[in-house]
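The values are calculated or read from the model by the stated rules, or taken from the named source; none is laboratory data. These figures come from a predicted structure and were not determined experimentally. Just so you know, the surface numbers come from the protein's heavy atoms only, side chains and all, with ligands and any DNA or RNA stripped out. Shrake-Rupley method; radii C 1.70, N 1.55, O 1.52, S 1.80 Å.
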Amino acid sequence: MRGGSVYNSHPRAFKRLLHSGLALALLATATQARALDDPMRPPRTPAATPARAVERAPLFNLTSTLIAEGRRIAVINGRQLQVGDTINGARLEAIMPTRVKLRMAGTSHYLDLIPLTVKKPSKSKRP
């Protein structure tokens, strides 16, 4: 066996081997980087179902209720409604301080306001 390195005896073969190894290393790194998920990205949602396959119920957004002497008003989807009014095919049946009752297609549905946190003073006495 002759002395010397592989590079000295076969420089072209060595360069090809080096380039192939480098290309494989870059490809492996790119594949691994793609496999890592970003923890801040929202979760993936399933593919959308065709519109005619699923009938979507109208959305209702209760934003406010007003209960005063002889007057009850609910704000749903930006509209002021009173008991008996209809919105998107639903009839408003009752207005309570934090929720309303709608009747749609013979079924009752309740809409709730977002609960507010109310701070209460501590009962303990400070020294």
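See the values below:
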{"item": "Sequence of K15, K123 from largest to smallest accessible area, 1.4 Å probe", "result": "K123, K15"}
{"item": "Largest-first ordering by accessible area, 1.4 Å probe, given options V75, V100", "result": "V75, V100"}
